[in-house]
Amino acid sequence: MAYQTDVKPTRAGLLALRNRLRMARKAYKILSMKLDGLILEVTHLAPEVKKEYDLLISRYARTKLLIAAAYMMEGTVGMTVAAYSVEVNPEIDLSQRNVFGVKVPVITGKNVKTDVVERGYGLLGTTLVIDDLATSYEELLAAIITYAGNEATLKRLLAEIERIGRRVRALEHQVIPTLEETELYISRMRDEIEREDTSRLFHVKRRKEEAALRDDQERKMRSDIS
């Protein structure tokens, strides 16, 4: 039997133990509900992350082909001029959101996709491959931002699931059974102590009654003699 030996077999100790047991059961219930919610969230998010990863890979492959074609048609000088002509730079914003009490990162982008006329390079001085390449890069960057945010969220949720899972298993298989066995052990000790106290009080009362009876008999004998 596994039970705690540091709990005193007193009424106050038993009440404190029962309070700890009640709190442990409540914590187990709350953590189990949270764990189920996180698992459900991961179940919904994981397929989306897989789709975003596949999209990222396909856009990366397309961008590699377009950049090779652009270098062949425009040359290094034309590519460099077009690159330095871009006036709008993309920006990354980082924030957080709450998922079942877990703070997960949110990654968003600004100025990721722009109109052709806003890109800075002259439309007449470049070929369509530059436009296609710029559009492909913007789509690739958007895919990277989306995938990075959801992948970071998925990793954070998985880490939290592992952490909460350990606590739930500890409560279920160690903490709660130990407290229950300790409560049973202390209750039995309390019952045994109460029985011993009752028996001792009974014997004390009986001895007092016998002593009182002897005193009465002695007084009666002395009274008869006198």
Among the residues of region 157-180, are any within 30 Å of T108 (Cα to Cα) and touching a strand residue (DSSP E or B) at 6+ places or on another chain (Cβ under 6 Å)? yes
For A82: the one exception among (1) under 17 Å from D132 (Cα atoms); (2) in a strand (DSSP E or B): (2)
Only one of L140, L184, L158 is under 30 Å from Q96 (Cα atoms), in a helix (DSSP H, G or I), more than 25 Å from the chain's Cα centre (by Cα) and not acidic (D, E); which? L140
Sole residue being under 28 Å from I176 (Cα atoms), modelled with pLDDT under 95 and in a helix (DSSP H, G or I), chosen from L15, L66: L15
Can you pull out the residues in region 87-107 that are farther than 27 Å from A134 by Cβ and in a strand (DSSP E or B)? S95, Q96, R97, N98, V99, V102, K103, V104, P105
Please go through region 42-57 and pick out each residue that is among the β-branched types (V, I, T) and more than 15 Å from T153 (Cβ to Cβ). I57
Within region 46-70, the residues that are of a type in the set (S, T, Y) and crowded, with 16+ Cβ neighbours inside 10 Å are T63
For region 79-106, give me the residue count where each residue is touching a residue at least 40 places away in the same chain (Cβ under 8 Å), touching a strand residue (DSSP E or B) at 6+ places or on another chain (Cβ under 9 Å) and among the aliphatic types (A, V, I, L, M). 3
Residue list for region 60-78, restricted to those being closer than 16 Å to D131 by Cβ and touching a residue at least 24 places away in the same chain (Cβ under 8 Å): R62, T63, L66, I67, A69, A70, M73, E74, G78
Go over the candidates M33, M73 one by one and state the one that is assigned to a helix (DSSP H, G or I), of a type outside the set (V, I, T) and surrounded by 12 or more Cβ atoms within 10 Å (Cβ to Cβ). M73
List pairs: first residue in region 141-166 and surrounded by fewer than 16 Cβ atoms within 10 Å (Cβ to Cβ), second residue assigned to a helix (DSSP H, G or I) anywhere in the structure, Cβ distance under 7 angstrom, at least six positions apart or on different chains. L158/V42; G165/L35
For M33, all conditions in the list (1) of a type outside the set (D, E); (2) closer than 30 Å to L179 by Cβ; (3) modelled with pLDDT under 90 hold save one; what is the number of the exception? (3)
Going through region 10-32 one residue at a time, which ones are of a type in the set (A, V, I, L, M) and over 18 Å from the mean Cα position of the chain (by Cα)? A12, L14, L15, A16, L17, L21, M23
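The values are calculated or read from the model by the stated rules, or taken from the named source; none is laboratory data. If you're wondering where the values come from, they're calculated on a predicted model, not measured in any experiment. All Cβ positions, even for glycine, are placed from backbone atoms using ideal geometry, and neighbour counts span all protein chains on display.
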